[in-house]
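The values are calculated or read from the model by the stated rules, or taken from the named source; none is laboratory data. These figures come from a predicted structure and were not determined experimentally. Backbone-built Cβ (ideal geometry, glycine too); neighbour counts: all protein chains shown. When the accessible area is computed, the model is the full protein with side chains, heavy atoms only, and any ligands, DNA or RNA have been set aside. Shrake-Rupley method; radii C 1.70, N 1.55, O 1.52, S 1.80 Å.
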Amino acid sequence: MLNKVQKRNLTKRDYVTLSSMIFALFFGAGNLIFPLHLGQLAGSHWGMAAVGFLVTAVLLPLLSVLAVCVTKSKGVYDIGKPLGATFAIVFMVLIHFTIGPFFGTPRTATVSFTVGLAPFFAAKYQTVALLVFSAVFFGLAYVLSLEQHKIMNRVGKLLNPLFLLLLVVVFFVAFSSPLAHAGNTTATAAYVNAGFTNGFLQGYNTMDALAGLALGVTIVTAVKFMGQTDPNKAAWVTARAGLFSMSFEGLIYVLLILVGAQSLGMFKLSANGGVAFNQIVNHYMGTFGQAVLAVLIITTCLTTAIGLVAAFAQDFHKHFSFLSYKAWLRITCLASFLTANIGLNQIIAWSTPVLMFLYPLAMALIFLSILSPLFHQDAVVYRWVVVFTVVPAVFDMVAAFPAVVSQSALGQAMAHVQSFMPLAASGMDWLVPALVGAVFGTLHYMMRQRSRNRATTTVGNRD
């Protein structure tokens, strides 16, 4: 179908639609509940926590989109390809299953139900209600993702504007009558002295840096359907629209964090951002507010689910073509439906350690991709950085597992070794090794280049 697309220049309206689609694909379940909860955790220190959160929840996703543009990649596979086809396939599968049917995509349904609909059902009916809701939810995601060329219009022109309108209503009410001055609220102990670091780590939960790599194929496909078939022009269009959409997302994050901090004037620290959202909206608007919240959360989560299931099916069909796009779409929707019924708390508990492992690798590959023109995407630089990053990432993963793993004999032994690593206490012990790997990789690359230049000069002199 792409062969039939006519080349054309994009209008301002096209850019708005594309930016709206990118925003909607990124902004989903975690993007509403985690910044709100962060505001409650940080209290009067919400500003510094917000800066840390914006680094991993806005800057990194933007850089992941730019990484796709710089390398002219068509998906997450191409980002890992300099390390070899095997690594690229494994990395692609891990990313897609993490933000897809194992954690990210099911969370779009569980958050929608827990925050929006659960209050309307008695506790004894909520299990059955979640089962029915998640079946309908992923049925809709499947139907709306069947025709790839219509995803942008359905998400960018229809669902996202509705979500933004409802979110504006929530912000207007919350800031018209704030529950407290954010600067006068109490911060949890972890945020008093380490607001930036904890905000940085909370940004992992949005999964957006991983999503940026995986959703690259969906965004690139949408750009091509708009008539931008030239790789260079498509990269520029994607980068421009991505900058606008992620900046707007950052503004919404700051407002959500501030609302969360202000809510401490009325409510205690909640178990999660979903509970906090329920409390705030019900306080201001009662049952009507709960209905607005239900529509709001279901709308934004559905747009993200559409992007995630489509990206999964597109990449898997491309690399495992024995099944069609529609077949992979059915598989990921069904698997997401099954996982969603495990429950939100279980999904979050088991997704965190996986994110602690994947995020350092993803960040390393994002920065390597952006800087790759400086070393001509030489695999030797990639290898040094990734090898030095993966070891502390494994330690972080084990430490973040539930007690059944982290408190085991192996987990405690690894925790003891980890305690000697720089920045281990802040959960960023991968940073120094990654930088060391970058130095060694760069030196190795420069030495190889010098050897090649000498060999070329020698051959030239003989001639």
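Which of (1) surrounded by fewer than 17 Cβ atoms within 10 Å (Cβ to Cβ); (2) assigned to a helix (DSSP H, G or I) does Leu368 not meet, given it meets every other one?
Only one criterion in (1) surrounded by fewer than 17 Cβ atoms within 10 Å (Cβ to Cβ); (2) assigned to a helix (DSSP H, G or I) is unmet by Leu368, namely (1).
Which is over 19 Å from Leu431 (Cα atoms), touching a Ser or Thr at 6+ places or on another chain (Cβ under 6 Å), modelled with pLDDT of 85 or more and part of a helix (DSSP H, G or I), of Ala327, Ala310, Ala335? Break it down into steps so the answer makes sense when it comes.
Working: Ala327 fails: touching a Ser or Thr at 6+ places or on another chain (Cβ under 6 Å); Ala335 fails: touching a Ser or Thr at 6+ places or on another chain (Cβ under 6 Å).
The match here is Ala310.
Are any residues in segment 281-293 open to solvent by 10 Å² or more (accessible area, probe 1.4 Å) and closer than 20 Å to Ala109 by Cα, and if so, which ones? Reasoning before the result, please.
Taking segment 281-293 and keeping what is open to solvent by 10 Å² or more (accessible area, probe 1.4 Å), we get 282-288, 291-292.
Result: Ala291, Val292.
For Lys224, indicate whether it is in a helix (DSSP H, G or I), among the charged types (D, E, K, R) and without any contact (Cβ under 8 Å) to a residue 12 or more places away in the chain. Before the answer, list the steps.
Details: in a helix (DSSP H, G or I): yes; among the charged types (D, E, K, R): yes; without any contact (Cβ under 8 Å) to a residue 12 or more places away in the chain: no.
The answer is no for Lys224.
Condition check: out of contact with any Gly (no Cβ under 7 Å at 6 or more places or on another chain), part of a helix (DSSP H, G or I) and modelled with pLDDT under 85. Does Lys124 satisfy that? Walk me through how you get there before you give the answer.
Values: out of contact with any Gly (no Cβ under 7 Å at 6 or more places or on another chain): yes; part of a helix (DSSP H, G or I): yes; modelled with pLDDT under 85: no.
It is false that Lys124 is out of contact with any Gly (no Cβ under 7 Å at 6 or more places or on another chain), part of a helix (DSSP H, G or I) and modelled with pLDDT under 85.
Restricting to segment 168-194, give me the number of residues that are within 14 Å of Gly39 (Cα to Cα) and either of a type in the set (Phe, Trp, Tyr) or free of Cβ contacts under 8 Å to residues at least 12 places away in the same chain (or both).
Selection size over segment 168-194: 2.
Would you check which residues across segment 14-57 are among the β-branched types (Val, Ile, Thr) and either open to solvent by 20 Å² or more (accessible area, probe 1.4 Å) or farther than 23 Å from Ala214 by Cα (or both) and list them? Give the derivation first.
The initial filter retains those residues of segment 14-57 that are among the β-branched types (Val, Ile, Thr), namely 16-17, 22, 33, 51, 55-56.
Passing the criteria: Val16, Val51, Val55.
If Asn153 passes every condition in (1) of a type in the set (S, T, N, Q); (2) modelled with pLDDT under 80; (3) open to solvent by less than 20 Å² (accessible area, probe 1.4 Å) but one, which one does it miss?
So the condition that Asn153 fails would be (3).
Which residues, counting only those in segment 78-93, are under 28 Å from Phe244 (Cβ atoms) and open to solvent by 30 Å² or more (accessible area, probe 1.4 Å)?
Here is the first cut: in segment 78-93, the residues under 28 Å from Phe244 (Cβ atoms) are 78-80, 92.
Within segment 78-93, just Asp78 meets the criteria.
Scan (1) of a type outside the set (Gly, Ala, Ser); (2) open to solvent by 60 Å² or more (accessible area, probe 1.4 Å); (3) modelled with pLDDT under 85; (4) touching a Gly at 6+ places or on another chain (Cβ under 9 Å) for the single condition Leu423 breaks and write down its number.
Checking Leu423 against (1) of a type outside the set (Gly, Ala, Ser); (2) open to solvent by 60 Å² or more (accessible area, probe 1.4 Å); (3) modelled with pLDDT under 85; (4) touching a Gly at 6+ places or on another chain (Cβ under 9 Å), the one that fails is (4).
Restricting the search to segment 208-221, which residues are open to solvent by less than 20 Å² (accessible area, probe 1.4 Å) and either modelled with pLDDT under 75 or β-branched (Val, Ile, Thr) (or both)? Spell out how you get there, then give the answer.
Start the filter on segment 208-221 by keeping residues that are open to solvent by less than 20 Å² (accessible area, probe 1.4 Å), which leaves 208-219.
Hits for segment 208-221 are Leu215, Gly216, Val217, Thr218, Ile219.
Looking at segment 327-351, which of its residues are closer than 30 Å to Ala434 by Cα and surrounded by fewer than 18 Cβ atoms within 10 Å (Cβ to Cβ)? Walk me through it before giving the result.
Here is the first cut: in segment 327-351, the residues closer than 30 Å to Ala434 by Cα are 347-351.
Listed by number, the residues that qualify are Ala349, Trp350.
Look at Met356 and say whether it is in contact (Cβ under 8 Å) with a residue 12 or more places away in the chain, out of contact with any Leu (no Cβ under 7 Å at 6 or more places or on another chain) and either part of a helix (DSSP H, G or I) or within 19 Å of Arg107 (Cβ to Cβ) (or both). Talk me through it step by step, then tell me what you get.
Working: in contact (Cβ under 8 Å) with a residue 12 or more places away in the chain: yes; out of contact with any Leu (no Cβ under 7 Å at 6 or more places or on another chain): yes; either part of a helix (DSSP H, G or I) or within 19 Å of Arg107 (Cβ to Cβ) (or both): yes.
It is true that Met356 is in contact (Cβ under 8 Å) with a residue 12 or more places away in the chain, out of contact with any Leu (no Cβ under 7 Å at 6 or more places or on another chain) and either part of a helix (DSSP H, G or I) or within 19 Å of Arg107 (Cβ to Cβ) (or both).
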